[in-house]
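Undergrad: Okay, handing you the structure first.
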Amino acid sequence: MRRYRIASIPADGIGQEVIPAGLQVLHALAERSGDFVLDVEDLPWGSDYYRAHGRMMPEDGLDTLKRFDAIFFGAVGDPELPDDITLWGLRLRICQGFDQYANIRPTRVLPGLTSPLREVAPGDIDWVIVRENSEGEYAGHGGRAHRGHPEEIATETAIFTRAGVTRIMRTAFEIAARRPRRLLTVVTKSNAQKHGMVLWDEIAAEVAREFPTVTWEKELVDAMAARMVRHPRSIDTVVATNLHADILSDLAGAVAGSLGVAPTANLDPSRRHPSMFEPIHGSAFDITGMGIANPVATFWTAAMMLEHLGEDAAARRLITAVEQVCADGVLTRDLGGNATTAEVTAAVIAATRGAN
């Protein structure tokens, strides 16, 4: 019997609803498979923890997390607290502390879903966006001076290192090489940002020589946003900086029908540290407690976590079940349905019991 230790951090808002739903599905899958077990420990970190303790997670939180095989994360953000406290105090502290430098965001229009793009149907879009997750525009370098005065200055310095760009570029090429189309689009803004973005272009050309089977191309980020809308079928694998890929992947979720179906994996490809898996949608306090949060992104995220753990059969079973439930029209409000979080969860669990 294979055993995996999972740290569950629901954190804020609807994270406290969709992560328990995801765990219900994961435990059902483990029971259905009969050959692996998930030992889950719930960690009550987040904005409520901050109100009680003055910090988003314990000072030795990373040491606690080192014991786990993976981290199942909900969402972070609270309307009563600044984002620089919530985001930097929990999610980014984990991502940077464990060097989870590869943020992987797949996008598909699932069966039963309707894309806002005209003439785009399920099966027409199959993207993977690879986001650099450790430096770039979110490196945290900069500062403010002359606060409150007319001449106040705020600087935000994007950091691009040869080591950081090379490793994310190599990860993206490796992913593209495993996919049927073997096509990689490298997204930058090198026509206007002549230092860091030009370095990205140069390193892309260097790494490309290691992957002769992959066709690669360059695209400016603004042109890429337009291409995602106008020519979505032309796209396969995309690699971009921390900020650019963050924006493009939210657009990708909208193109797929809703951010409620968009998953994420924050990976340390070296496996020195546990990787973290989370839905993209955020804490969504406007619907918190209403029981209508879409758990599909969390289920897809759970499937990515299972793949990372080596449980490929269970991951495929989960994705098949999600596709079946969506095709059957069991959808939450953001997708045009009227099902609750609990109803979608129950339907997916039932579908996993029948899936091969």
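The values are calculated or read from the model by the stated rules, or taken from the named source; none is laboratory data. All values derive from a computational prediction rather than experimental measurement. Cβ: placed from backbone, ideal geometry, glycine included. Neighbour counts: every protein chain shown.
Undergrad: Cβ-Cβ distance below 6 Å, separation of 6 or more or different chains: which pairs start in segment 98-113 with a residue that is touching a residue at least 12 places away in the same chain (Cβ under 8 Å) and among the aromatic types (Phe, Trp, Tyr) and end on one that is in a loop (DSSP other than H, G, I, E, B) and surrounded by 20 or more Cβ atoms within 10 Å (Cβ to Cβ)?
TA: Correct list of pairs: Tyr101/Asn133; Tyr101/Ser134.
Undergrad: I've got another one for you. Of the numbered conditions (1) in contact (Cβ under 8 Å) with a residue 40 or more places away in the chain; (2) in contact with a His (Cβ under 9 Å, 6 or more places away or on another chain); (3) surrounded by fewer than 21 Cβ atoms within 10 Å (Cβ to Cβ); (4) closer than 24 Å to Ser47 by Cβ, Trp88 satisfies every one except a single condition; which is it?
TA: With (1) in contact (Cβ under 8 Å) with a residue 40 or more places away in the chain; (2) in contact with a His (Cβ under 9 Å, 6 or more places away or on another chain); (3) surrounded by fewer than 21 Cβ atoms within 10 Å (Cβ to Cβ); (4) closer than 24 Å to Ser47 by Cβ applied to Trp88, the lone miss is (2).
Undergrad: Test Ala223 against the criterion of being more than 25 Å from Val255 (Cα to Cα), in a helix (DSSP H, G or I), without any contact (Cβ under 8 Å) to a residue 12 or more places away in the chain and not hydroxyl-bearing (Ser, Thr, Tyr), and give yes or no. So that I can check it myself, show each step before the final result.
TA: Numbers: more than 25 Å from Val255 (Cα to Cα): no; in a helix (DSSP H, G or I): yes; without any contact (Cβ under 8 Å) to a residue 12 or more places away in the chain: yes; not hydroxyl-bearing (Ser, Thr, Tyr): yes.
No.
Undergrad: Suppose we filter Ala52, Ala28, Ala11 for residues that are assigned by TED's automatic domain parsing to the domain that holds Ala293, within 18 Å of the chain's Cα centre (by Cα) and aliphatic (A, V, I, L, M); which single one remains?
TA: Details: Ala52 fails: within 18 Å of the chain's Cα centre (by Cα); Ala28 fails: within 18 Å of the chain's Cα centre (by Cα).
Checking each option against the conditions leaves just Ala11.
Undergrad: Could you tell me whether segment 226-246 includes any residue that is touching a Lys or Arg at 6+ places or on another chain (Cβ under 7 Å), in a helix (DSSP H, G or I), surrounded by fewer than 17 Cβ atoms within 10 Å (Cβ to Cβ) and acidic (Asp, Glu)?
TA: no
Undergrad: Output yes when any residue across segment 137-150 is buried (at least 20 other Cβ atoms within 10 Å of the Cβ) and either touching a residue at least 12 places away in the same chain (Cβ under 8 Å) or not polar (S, T, N, Q) (or both), and no when none is. Steps first, answer last, please.
TA: Filtering segment 137-150 down to residues buried (at least 20 other Cβ atoms within 10 Å of the Cβ) leaves 138.
This time we only want the ones that are either touching a residue at least 12 places away in the same chain (Cβ under 8 Å) or not polar (S, T, N, Q) (or both), so: 138.
Yes.
Undergrad: Looking at Glu174, Glu151, Glu156, can you tell me which residue is in contact with a strand residue (DSSP E or B) (Cβ under 7 Å, 6 or more places away or on another chain) and assigned by TED's automatic domain parsing to the domain that holds Val187? Break it down into steps so the answer makes sense when it comes.
TA: Details: Glu174 fails: in contact with a strand residue (DSSP E or B) (Cβ under 7 Å, 6 or more places away or on another chain); Glu151 fails: in contact with a strand residue (DSSP E or B) (Cβ under 7 Å, 6 or more places away or on another chain).
Among Glu174, Glu151, Glu156, only Glu156 is in contact with a strand residue (DSSP E or B) (Cβ under 7 Å, 6 or more places away or on another chain) and assigned by TED's automatic domain parsing to the domain that holds Val187.
Undergrad: Among (1) part of a strand (DSSP E or B); (2) surrounded by fewer than 20 Cβ atoms within 10 Å (Cβ to Cβ), there is one condition Thr185 misses while meeting the rest; what is its number?
TA: Tallying (1) part of a strand (DSSP E or B); (2) surrounded by fewer than 20 Cβ atoms within 10 Å (Cβ to Cβ), Thr185 fails exactly one: (2).
Undergrad: Another question about this same structure. Return only the number of the condition from (1) assigned to a loop (DSSP other than H, G, I, E, B); (2) within 26 Å of Ser283 (Cα to Cα); (3) of a type in the set (D, E, K, R) that Glu137 does not satisfy.
TA: Among (1) assigned to a loop (DSSP other than H, G, I, E, B); (2) within 26 Å of Ser283 (Cα to Cα); (3) of a type in the set (D, E, K, R), Glu137 violates only (1).
Undergrad: While we're on this one: Name the residues in segment 1-47 that are among the charged types (D, E, K, R) and closer than 26 Å to Gly282 by Cβ, would you?
TA: Initial filter on segment 1-47 (among the charged types (D, E, K, R)): 2-3, 5, 12, 17, 31-32, 35, 39, 41-42.
Once the filter is applied, which keeps residues that are among the charged types (D, E, K, R) and closer than 26 Å to Gly282 by Cβ, segment 1-47 yields Asp12, Glu17, Glu41, Asp42.
Undergrad: Same structure, new question: Criterion first (touching a residue at least 12 places away in the same chain (Cβ under 8 Å), of a type in the set (Gly, Ala, Ser), touching a His at 6+ places or on another chain (Cβ under 7 Å) and buried (at least 17 other Cβ atoms within 10 Å of the Cβ)) does Ser275 satisfy it?
TA: On the way: touching a residue at least 12 places away in the same chain (Cβ under 8 Å): yes; of a type in the set (Gly, Ala, Ser): yes; touching a His at 6+ places or on another chain (Cβ under 7 Å): yes; buried (at least 17 other Cβ atoms within 10 Å of the Cβ): yes.
Considered against the rule, which asks whether it is touching a residue at least 12 places away in the same chain (Cβ under 8 Å), of a type in the set (Gly, Ala, Ser), touching a His at 6+ places or on another chain (Cβ under 7 Å) and buried (at least 17 other Cβ atoms within 10 Å of the Cβ), Ser275 comes out as yes.
Undergrad: If you go through segment 158-196, how many residues are free of Cβ contacts under 8 Å to residues at least 24 places away in the same chain and within 24 Å of the chain's Cα centre (by Cα)?
TA: 3
Undergrad: Here is a follow-up. Give segment 73-117 a look and list any residue that's among the hydroxyl-bearing types (Ser, Thr, Tyr) and in a loop (DSSP other than H, G, I, E, B), or say none.
TA: Within segment 73-117, Tyr101, Thr114, Ser115 qualify.
Undergrad: Are any residues in segment 307-343 surrounded by fewer than 19 Cβ atoms within 10 Å (Cβ to Cβ) and not in a helix (DSSP H, G or I), and if so, which ones?
TA: Gly310, Asp328, Gly329, Gly336, Gly337, Asn338, Thr340 - these are the residues of segment 307-343 that are surrounded by fewer than 19 Cβ atoms within 10 Å (Cβ to Cβ) and not in a helix (DSSP H, G or I).
Undergrad: Just checking, does segment 55-66 include any residue being farther than 26 Å from Arg271 by Cβ and either assigned to a helix (DSSP H, G or I) or touching a residue at least 60 places away in the same chain (Cβ under 8 Å) (or both)?
TA: Step one: list which residues in segment 55-66 are farther than 26 Å from Arg271 by Cβ, which gives 55.
Those still in the list that are either assigned to a helix (DSSP H, G or I) or touching a residue at least 60 places away in the same chain (Cβ under 8 Å) (or both) too: none.
No, there is no match, as no residue in segment 55-66 is farther than 26 Å from Arg271 by Cβ and either assigned to a helix (DSSP H, G or I) or touching a residue at least 60 places away in the same chain (Cβ under 8 Å) (or both).
Undergrad: Ser115: farther than 30 Å from Asp328 by Cβ and not assigned by TED's automatic domain parsing to the domain that holds Arg233, yes or no?
TA: Values: farther than 30 Å from Asp328 by Cβ: no; not assigned by TED's automatic domain parsing to the domain that holds Arg233: yes.
No.
Undergrad: Which residues, counting only those in segment 1-40, are in contact with a Ser or Thr (Cβ under 7 Å, 6 or more places away or on another chain), surrounded by fewer than 21 Cβ atoms within 10 Å (Cβ to Cβ) and not aliphatic (A, V, I, L, M)?
TA: Gln24, Arg32
Undergrad: If only one of Ile71, Ile94, Ile125 is within 30 Å of Arg233 (Cβ to Cβ), in contact (Cβ under 8 Å) with a residue 24 or more places away in the chain, β-branched (Val, Ile, Thr) and buried (at least 16 other Cβ atoms within 10 Å of the Cβ), which one is it? Break it down stepwise before answering.
TA: On the way: Ile71 fails: within 30 Å of Arg233 (Cβ to Cβ); Ile94 fails: within 30 Å of Arg233 (Cβ to Cβ).
The unique qualifying residue is Ile125.
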